[in-house]
Amino acid sequence: MTEEADKPIYPRILLKISGEALMGDQGYGLHPPTVARIAAEVKRVHELGVEICMVIGGGNIFRGIAGSAQGMERASADYMGMLATIMNALGMQSAMEGLGLHTRVISAIPMDQICEPYIRRRAVRHLEKKRICIFAAGTGNPYFTTDTAATLRAMEMNCGAIYKGTQVDGVYDCDPKTNPEAKHYSRISYDEVLARNLKVMDASAIALARDNGLPIIVFSLNHEGGLAAVLSGKGKFTIVEQS
């Protein structure tokens, strides 16, 4: 990545990954080798000089919507999901610090013994000092997903784009795991994502990104060096932006 053309497109990004991405093949919880692999991907990008924020979901531990569907009161279920994101953030912080990266876990729900409260100006200062900020507990409010929290934090931190790491290498018109004829989009508009209900992120997050002109880049987390390549405009991915 020493060539001029290989320099990252954006100097500051937000990386959004699902909680499920951390559980590997075990079906639940944190899979330490998977967490370590993702931490190594982030380190590779950090060494390129990119300032990085992260938002990690909690679906590998508890998903609020699922709890609500089983009869639990929705707000309580969502708060439980927020606590799951804090657990994931602490796990990722441990893996990153094991690689020598300086990180801060910043929670929308005050939890002073284990992480910092969310203060926008302080978080911006951490990024300027080249620390990686892991935003946890969503927005701190029930009924909002971590997708929406990621979009909100990306705008507050003045990130150039959201990079959403998934199990597939971009956005398709249907599930490529079940349909080998699925069409891959290299670019697609926010409105088309919403109209086709393509499940890139939830509708609130897509609308928020659209209204503020924040690009969303969808790529696969499964390829070694994939994040660094996509940040330089290489590899296979999808850009969601204005038409």
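The values are calculated or read from the model by the stated rules, or taken from the named source; none is laboratory data. Since this is a predicted model, take the numbers as computed values, not measurements. All Cβ positions, glycine included, derive from the backbone under ideal geometry; neighbour counts span all protein chains shown.
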So if I check each of I106, I134, which one is part of a strand (DSSP E or B) and farther than 22 Å from T34 by Cβ?
I106
So, of the residues in the stretch 76-103 that are part of a loop (DSSP other than H, G, I, E, B) and among the aliphatic types (A, V, I, L, M), which turns out to be nearest to L14 (Cα to Cα)?
L101
Complete set of residues in the stretch 31-62 that are under 16 Å from the mean Cα position of the chain (by Cα) and assigned to a loop (DSSP other than H, G, I, E, B)
V50, G57, G58, G59, N60
Neighbours by Cβ (under 7 Å, 6+ apart or cross-chain): first from the stretch 204-220, within 14 Å of C159 (Cα to Cα); second among the aromatic types (F, W, Y) and at pLDDT 95 or above:
A209/Y190; I217/Y163; I217/F237
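Could you tell me whether the stretch 170-182 includes any residue that is closer than 21 Å to A84 by Cα and touching a strand residue (DSSP E or B) at 6+ places or on another chain (Cβ under 9 Å)? Show your work before the answer.
Here is the first cut: in the stretch 170-182, the ones closer than 21 Å to A84 by Cα are none.
No; the residues of the stretch 170-182 include none that is closer than 21 Å to A84 by Cα and touching a strand residue (DSSP E or B) at 6+ places or on another chain (Cβ under 9 Å).
Residues are listed down the side, and each one gets a yes or a no for (1) under 15 Å from N141 (Cβ atoms); (2) modelled with pLDDT under 95; (3) touching a helix residue (DSSP H, G or I) at 6+ places or on another chain (Cβ under 8 Å):
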{"residue": "L48", "(1), (2), (3)": "no, yes, yes"}
{"residue": "C53", "(1), (2), (3)": "no, no, yes"}
{"residue": "I61", "(1), (2), (3)": "no, yes, yes"}
{"residue": "R74", "(1), (2), (3)": "yes, yes, yes"}
